[in-house]
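Take a look at the structure set out below.
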Amino acid sequence: MFCKYCGREIPAGLADCPACGFSNPSPYRRDTVLLLCLLGFVGFAGIHRFYVGRWVGGALFFLTGGFFGVGTVIDLFKIFRNTFKDADERPVLP
């Protein structure tokens, strides 16, 4: 990934550019992730994780019903507290 401000490459796993300090936010929107997470309570558990690129977690949530609902509730708290992150460890946009 490259910095949108200075154009330098950002190493994998970092959200901020080490050269200029610019924060590159996740392209995923919080309201969409929240909606998809809430769908977990009606039988579509894990879709919010697929949306942000967390394929393994999404598959586990789908197969276990969001870890029997507990994982879905935990993710809801993470989304509301802005600590839910995408596959590149960037927080989703508010």
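The values are calculated or read from the model by the stated rules, or taken from the named source; none is laboratory data. Quick caveat: nothing in here was measured; it's all calculated off a predicted structure. We place every Cβ from the backbone using ideal geometry, glycine too, and count neighbours over all the protein chains shown.
Considered as a group, the residues in the stretch 22-42 that are more than 18 Å from residue 79 (Cα to Cα) and not in a strand (DSSP E or B) include one that is nearest to the chain's Cα centre (by Cα), and that residue is 24. If residue 45 meets every condition in (1) exposed (fewer than 12 other Cβ atoms within 10 Å of the Cβ); (2) among the aliphatic types (A, V, I, L, M); (3) assigned to a loop (DSSP other than H, G, I, E, B) apart from one, which number is that one? Result: residue 45 passes all but (1). Going by the conditions given, is residue 72 in contact with a helix residue (DSSP H, G or I) (Cβ under 9 Å, 6 or more places away or on another chain), surrounded by 13 or more Cβ atoms within 10 Å (Cβ to Cβ), at pLDDT 85 or above and of a type in the set (Ser, Thr, Tyr)? In short, yes. The number of residues in the stretch 1-21 that are in a loop (DSSP other than H, G, I, E, B) and within 16 Å of residue 88 (Cα to Cα) comes to 11. Condition check: modelled with pLDDT of 80 or more, surrounded by 17 or more Cβ atoms within 10 Å (Cβ to Cβ) and of a type in the set (Gly, Ala, Ser). Does residue 7 satisfy that? Criteria not met by residue 7.
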